[in-house]
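**Student:** Before we start, here is the structure in question, set down as structure tokens.
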Number of protein chains: 2
Amino acid sequence: MACRVIEYGGAMSRWAPDAALRLERAAIELFTVQGYAATSVPQIAARAGLTTRTFFRHFPDKRDVLFLRERELPGVVAALVAGAPAFLSPLGLVMHGFEAMATGPFEGWREDIRSRRAIIESDQGLRERELLKNVLLGEVISEALERHGVAGDEARMVARYGVTVFELALTDWLQADGSAFVDVLHSTAYRMGRLVRPARQGE
Amino acid sequence: MACRVIEYGGAMSRWAPDAALRLERAAIELFTVQGYAATSVPQIAARAGLTTRTFFRHFPDKRDVLFLRERELPGVVAALVAGAPAFLSPLGLVMHGFEAMATGPFEGWREDIRSRRAIIESDQGLRERELLKNVLLGEVISEALERHGVAGDEARMVARYGVTVFELALTDWLQADGSAFVDVLHSTAYRMGRLVRPARQGE
DNA sequence: ACTCTGATGGCATGCCGTGTCATCACGGTC
DNA sequence: GACCGTGATGACACGGCATGCCATCAGAGT
């Protein structure tokens with residue numbers, strides 16, 4: 001079967017280093033055409049020129065193939081938070097990390113993310129997996145905050161809040177046309193902060 | 001098999017109205033003893049005196065049996081938000097609903113919720129399901145806010161924030177000993193609001 | 001040429017979840 | 001009291017998901 005070599009960032013191993021990428025590509029194509037539920041793992045593997053068993057070596061389950069691109073996200077964001085200026089507030093640290101993501105790689109991935117989102121929202125199981133990934137991201141950020149000296153409970157709260165802002169901003173950015181992700185992120189953070197500010201009458 | 005009649009709120013149908021409850025009880029017992037993954041649906045059904053097919057008539061999948069008690073939660077909270085005083089801020093409306101839940105039924109369910117939580121946290125799939133339930137709760141609350149005249153995007157933000165506060169408070173309440181849920185809820189809301197307040201230096 | 005490593009293929013297995021039809025208890029009707 | 005409709009359950013078949021196990025095989029290092 002064609003072992004098309006896709007440049008990936010350098011020679012990794014002696015075998016075709018793109019097995020996971022081929023599987024991901026085949027899966028997205030099939031999901032788009034015939035839907036997620038109607039696509040079987042053997043079908044994906046066959047289209048990628050691999051076997052079912054190999055699919056499950058690269059992905060823990062069928063759903064995970066749609067999140068290959070996000071595997072490194074927690075580590076990257078955590079590193080960005082870890083490297084944020086120490087004088088920032090806890091929320092400032094988190095937003096610093098997200099801001100760097102928004103101005104960096106995300107800006108060019110809009111259509112990729114959009115097409116994946118369309119598939120994810122078509123299936124409840126995929127939605128669940130996405131929620132878990134977000135929570136996991138929050139936990140990693142929380143640890144990074146603790147290494148900045150933020151107390152554990154405060155770190156958890158700020159991390160969860162930050163991830164929520166990121167999620168909502170991402171959704172807005174994918175729907176709205178033309179805006180830069182950074183701007184949407186800032187706008188969302190500002191508006192949400194205002195809404196959530198403890199008001200005297202509303203508890 | 002013993003068809004123990006559990007009072008549930010009134011005669012529902014002519015058959016034993018407690019099939020779902022029997023299944024839930026059997027499932028929790030087995031999950032506690034041998035773990036979630038090591039327990040099969042046929043095993044649960046047999047212990048409840050029913051068949052596998054009947055299990056899937058009461059629950060869409062194996063995970064859902066642990067969330068039977070929360071089925072009515074979204075409706076209840078939405079009704080509480082809908083009935084909240086109109087002069088409250090959007091966040092005040094949401095917190096009003098949660099506050100009523102906290103002072104009401106939740107206070108007596110602590111140990112039940114705690115044992116379920118222990119099982120849920122032992123399995124990734126169960127965590128995912130719980131996250132989905134929380135998001136669904138947020139969506140229902142968001143709709144209730146819109147019926148109060150809150151704009152769509154603001155409703156989404158406030159609802160997500162409120163659910164997050166509720167989650168964090170619930171976790172704290174289950175771990176800490178002795179505190180009333182309402183107090184933990186208020187404390188969490190206050191502390192999180194302070195952390196999240198837009199600071200001048202931190203974006 | 002030899003060995004070691006690690007990705008892959010192939011097979012078997014068990015559980016999950018669903019479609020389909022039969023059964024059977026109960027309530028209503030005459 | 002006999003009839004029928006309703007709706008929950010039982011029984012069976014079936015396909016897909018996920019994993020354990022072992023064989024294979026290509027390449028790297030010696």
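**Student:** Looking for something open to solvent by 60 Å² or more (accessible area, probe 1.4 Å) and either part of a helix (DSSP H, G or I) or touching a strand residue (DSSP E or B) at 6+ places or on another chain (Cβ under 8 Å) (or both) - is there at least one such residue anywhere in segment B:84-93? Lay out the reasoning, then the answer.
**Tutor:** Step one: of segment B:84-93, the residues open to solvent by 60 Å² or more (accessible area, probe 1.4 Å) are B:86-87.
Of the ones still in play, those that are also either part of a helix (DSSP H, G or I) or touching a strand residue (DSSP E or B) at 6+ places or on another chain (Cβ under 8 Å) (or both) are none.
Looking for residues that are open to solvent by 60 Å² or more (accessible area, probe 1.4 Å) and either part of a helix (DSSP H, G or I) or touching a strand residue (DSSP E or B) at 6+ places or on another chain (Cβ under 8 Å) (or both), one finds none in segment B:84-93, hence no.
**Student:** Those residues that are open to solvent by less than 50 Å² (accessible area, probe 1.4 Å) and either of a type in the set (K, R) or free of Cβ contacts under 8 Å to residues at least 60 places away in the same chain (or both), I need them from segment A:98-126; list them, please. It would help to see each step written out before you state the result.
**Tutor:** Keep residues of segment A:98-126 that are open to solvent by less than 50 Å² (accessible area, probe 1.4 Å), which gives A:98, A:100-102, A:104, A:106, A:110, A:113, A:116-117, A:119-120, A:123, A:125-126.
Answer for segment A:98-126, where residues must be open to solvent by less than 50 Å² (accessible area, probe 1.4 Å) and either of a type in the set (K, R) or free of Cβ contacts under 8 Å to residues at least 60 places away in the same chain (or both): A:A100, A:M101, A:G104, A:R110, A:R116, A:R117, A:I120.
**Student:** Another one. The conditions are (1) closer than 24 Å to B:V135 by Cβ; (2) at the interface with chain B (Cβ under 10 Å from one of its Cβ atoms), and A:M101 fails exactly one of them. Which is it?
**Tutor:** (2)
**Student:** Working only within segment A:63-84, note down all residues that are under 22 Å from A:A118 (Cα atoms) and either within 16 Å of DNA strand D (Cβ to nearest atom) or among the β-branched types (V, I, T) (or both).
**Tutor:** A:R63, A:D64, A:V65, A:L66, A:F67, A:L68
**Student:** Return the pair list, or none, for Cβ contacts closer than 7 Å from residues in segment A:47-62 that are within 21 Å of A:R129 (Cβ to Cβ) and within 9 Å of DNA strand D (Cβ to nearest atom) to residues that are open to solvent by less than 50 Å² (accessible area, probe 1.4 Å) and among the β-branched types (V, I, T), at least 6 apart or on different chains.
**Tutor:** A:T52/A:V41; A:F55/A:V41; A:F55/A:I44; A:F59/A:V65; A:K62/A:V41
**Student:** In segment B:63-78, which residues are more than 11 Å from DNA strand C (Cβ to nearest atom) and in contact (Cβ under 8 Å) with a residue 24 or more places away in the chain? Give the steps one after another, and end with the answer.
**Tutor:** Of the residues in segment B:63-78, the ones more than 11 Å from DNA strand C (Cβ to nearest atom) are B:66-78.
Of everything in segment B:63-78, those that are more than 11 Å from DNA strand C (Cβ to nearest atom) and in contact (Cβ under 8 Å) with a residue 24 or more places away in the chain turn out to be B:L66, B:F67, B:L68, B:R69, B:E70, B:L73, B:P74, B:G75, B:V76, B:V77, B:A78.
**Student:** Kindly provide the set of residues from segment A:153-179 that are open to solvent by 20 Å² or more (accessible area, probe 1.4 Å) and under 26 Å from B:D123 (Cβ atoms), ordered by number. Give the derivation first.
**Tutor:** Filtering segment A:153-179 for residues open to solvent by 20 Å² or more (accessible area, probe 1.4 Å) gives A:153-154, A:156, A:160, A:167-168, A:171-172, A:175-179.
Those that are open to solvent by 20 Å² or more (accessible area, probe 1.4 Å) and under 26 Å from B:D123 (Cβ atoms): A:D153, A:R156, A:R160, A:E167.
**Student:** Sticking with this one: Report, ordered by the first and then the second residue, all pairs with beta carbons closer than 6 Å, sequence separation of six or more or different chains, a first member in segment A:175-189 that is in contact (Cβ under 8 Å) with a residue 12 or more places away in the chain and within 18 Å of A:T164 (Cα to Cα), and a second member that is open to solvent by 20 Å² or more (accessible area, probe 1.4 Å) and charged (D, E, K, R).
**Tutor:** Qualifying pairs under 6 Å: A:F181/A:E107; A:V184/A:D172.
**Student:** Which of the residues that make up segment A:157-186 are modelled with pLDDT of 95 or more and more than 19 Å from the chain's Cα centre (by Cα)?
**Tutor:** Result: A:M157, single match.
The values are calculated or read from the model by the stated rules, or taken from the named source; none is laboratory data. As the structure is a computational prediction, the values presented were derived from the model and not from experiment. Virtual Cβ from ideal backbone geometry, glycine too; neighbours counted across all protein chains shown. Accessible surface is based on the protein model in full, side chains and every heavy atom, while ligands, DNA and RNA are left aside. Shrake-Rupley method; radii C 1.70, N 1.55, O 1.52, S 1.80 Å.
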